[in-house]
1. Which one is surrounded by the fewest Cβ atoms within 10 Å (Cβ to Cβ), of the residues in the stretch 281-296 that are hydrophobic (A, V, I, L, M, F, W, C) and within 21 Å of Ile130 (Cα to Cα)?
2. Can you list residue pairs whose Cβ atoms sit under 6 Å apart, with the first residue in the stretch 258-285 being within 24 Å of Gln247 (Cβ to Cβ) and the second being β-branched (Val, Ile, Thr) and surrounded by fewer than 18 Cβ atoms within 10 Å (Cβ to Cβ)? Count only pairs 6 or more apart in sequence or on different chains.
3. Could you list, in sequence order, the residues of the stretch 132-153 that are open to solvent by less than 100 Å² (accessible area, probe 1.4 Å), over 30 Å from Gly188 (Cβ atoms) and of a type outside the set (A, V, I, L, M)?
4. Out of all the residues in the stretch 186-206, is one or more outside any loop (DSSP other than H, G, I, E, B) and in contact (Cβ under 8 Å) with a residue 60 or more places away in the chain?
5. Just to be sure, is Val120 closer than 21 Å to Val302 by Cβ, aliphatic (A, V, I, L, M) and more than 21 Å from the chain's Cα centre (by Cα)?
6. Would you tally the residues in the stretch 207-265 being outside any helix (DSSP H, G or I), under 16 Å from Glu114 (Cα atoms), open to solvent by less than 50 Å² (accessible area, probe 1.4 Å) and in contact with a helix residue (DSSP H, G or I) (Cβ under 7 Å, 6 or more places away or on another chain)?
Amino acid sequence: MALSISRRVARSLGLLGQWRHVGSVSVVNGSSRCSHDLHSIGSQESLSTVEFSRSLRDGAFFFGCRRLSTSILTPNGEADFPSDLLSKKKVIVPDREIGLYQDLVIPVTNFLGEEKGLMVLAGDIFDVPIRKDIVHRVVRWQLAKRQQGTHSTKTISEVSGTGKKPWRQKGTGRARHGSRRGPQFRGGATMHGPKPRSHAIKLNKKVRRLGLKIALTARAGEGKLLVFDDMEIPTHKTKNVVNYVQQMENTKKVLLVDGGPINEKLKLATQNLHYVNVLPSIGLNVYSILLHDTLVMSRSAVNMIVDRMHTPINR
């Protein structure tokens, strides 16, 4: 609408030819010649100072030079814009929308980087909507449940000491007492102190299951979920696992998940690495996934997780 208004104003002033000349911005070597066009218009005798200022105020010059910024701020162009002010960081944009329950196709490799085919991940497990509140509830439930709760203090009946009255009730001028084992004496009891108890809180099974699905979806959406054909390694040497982890991009902490019992060679190769942990599929949990930035699962582990998630909940 603003463009049509500026056209009518310019036409009424007899400046349509000059406005078109301003609107054509030629780009050569990544730079604009808008200033040259402005000089050519200003030098024409038919365009007075008042008329030229009106054309600027009406927006004709702005619409003519609106492509100026796009031609200058091009990293590949030979413009005068300082290159050190242009950001060289890659903006990571997900190539798909997460949470649509779509099946995912992921390549299968091994520790040596060999291609072992493809695998389809169920969308109702690896592509669910992300909900941070569910993850928070599951993590709280896990941390509360794993507390030992063995703290204990002695009450007045459990503390060691005599039961004799320390002094008579009246006549001494001192406060009356009936036992040396009271909390106000040194070595006495602790009142209202902690006793062994369970810190576990109740959380529905469907919420726990949903939290695991969300954690798996987050790793899959970040591209940090790798599927291996198996967890077999040639030797039990730690340096081999170190080399495998170094080949992974942007990896600081790895969680290896196998379907069955952990391979003895893999257990020996990773036991001295604080940034590599191994779990069976039955022990996979939300908190462990969040502690590691990369999740590596075997085919059998994925199949067992899918079977576990599809099993009806016993009520």
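1. Out of the qualifying residues, it is Leu291.
2. Pairs found: Ala269/Thr238; Asn272/Thr238; Val278/Ile262.
3. Answer for the stretch 132-153, where residues must be open to solvent by less than 100 Å² (accessible area, probe 1.4 Å), over 30 Å from Gly188 (Cβ atoms) and of a type outside the set (A, V, I, L, M): Asp133, Trp141, Gln142.
4. yes
5. Judged against the criteria, Val120 is a match.
6. Of the residues in that region, 3 qualify.
The values are calculated or read from the model by the stated rules, or taken from the named source; none is laboratory data. Quantities reported herein were computed from a predicted structural model and do not represent experimental measurements. Glycine gets a Cβ as well: all are built from the backbone with ideal geometry, and neighbour counts include every protein chain shown. The protein model used for the area step is the full one, side chains on, heavy atoms only, and it has no ligands, DNA or RNA in it. Shrake-Rupley method; radii C 1.70, N 1.55, O 1.52, S 1.80 Å.
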